[in-house]
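Here the structure comes first, spelled out in structure tokens, and everything after it is commentary.
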Amino acid sequence: GTLTIHSLHGDALDLSKISVKISQYFSGGATQPYEYEMPKNSISGTLSPGETLPIVLPNSERIKEGEVVDVIVYYAGHKIAEEENLKVK
């Protein structure tokens, strides 16, 4: 899967400060959620307003098409975006 980050306004973002956390909670009472966290410094460069950045997520047998995940985007350790219950395409 690919996550796309958009910079809508403001200053250019230093991409080395961006990290992403994805959590998947299973229906039916599974005991442990699956979590993936992309560490800071995984990507470099800048993202200017009006530009988009696709981030390719690692292949996972646990996150498949139709599954539901929560996504949090951090910038320099601060949460800047969060979406819950996204359906994986």
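Bear in mind that the values in this text are calculations on the coordinates, not laboratory data. A quick note: this is a predicted structure, and the numbers were derived from the prediction, not measured. Cβ sites come from the backbone with ideal geometry, for glycine too, and all protein chains shown count toward neighbours.
Between V68 and S42, what's the calculated FRET efficiency when r is the beta-carbon distance and R0 is 25 Å? Round to 0.05.
0.55
Checking the cross-link filter: which lysines have an alpha carbon closer than 19 Å to that of K40, excluding same-chain neighbours under 8 positions apart?
K17, K21, K79
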